[in-house]
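One structure is given below, encoded as structure tokens.
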């Protein structure tokens, strides 16, 4: 089973699918950190910190629902400065 999974990971289809899923996860984490202060905990102890993470996840979901209902477009991905000066083509 492990060998089959490793063989599958060498395919282009797997890499495209993995990149798509990873981009979604990275975007969610980025939104939590930038918009909702997920990097630092307001509380001491794992139980209260876990509760804060649950509330932050709910806040991210509410923000995304609001953006969808109001028709606000998704944020564009940042373009690195070096790539911005590269000629098109």
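Couple of notes before you dig in:
- Tabulated pairs, the range 21-32, first in contact (Cβ under 8 Å) with a residue 12 or more places away in the chain, second part of a helix (DSSP H, G or I) and surrounded by 13 or more Cβ atoms within 10 Å (Cβ to Cβ), C-beta under 7 angstrom, 6+ apart or interchain: 28/60; 31/60; 32/56; 32/60
- Scan of the range 57-89 for residues that are within 20 Å of residue 23 (Cβ to Cβ), assigned to a helix (DSSP H, G or I) and within 21 Å of the chain's Cα centre (by Cα), ordered by number: 57, 60, 61, 63, 64, 67, 68
FYI, it's all coordinate maths here, none of it is from the lab. Computed from a prediction, not measured in an experiment: that's the story for all the values here. Quick reminder, even Gly has a Cβ in these numbers, built from the backbone with ideal geometry, and neighbours come from all protein chains shown.
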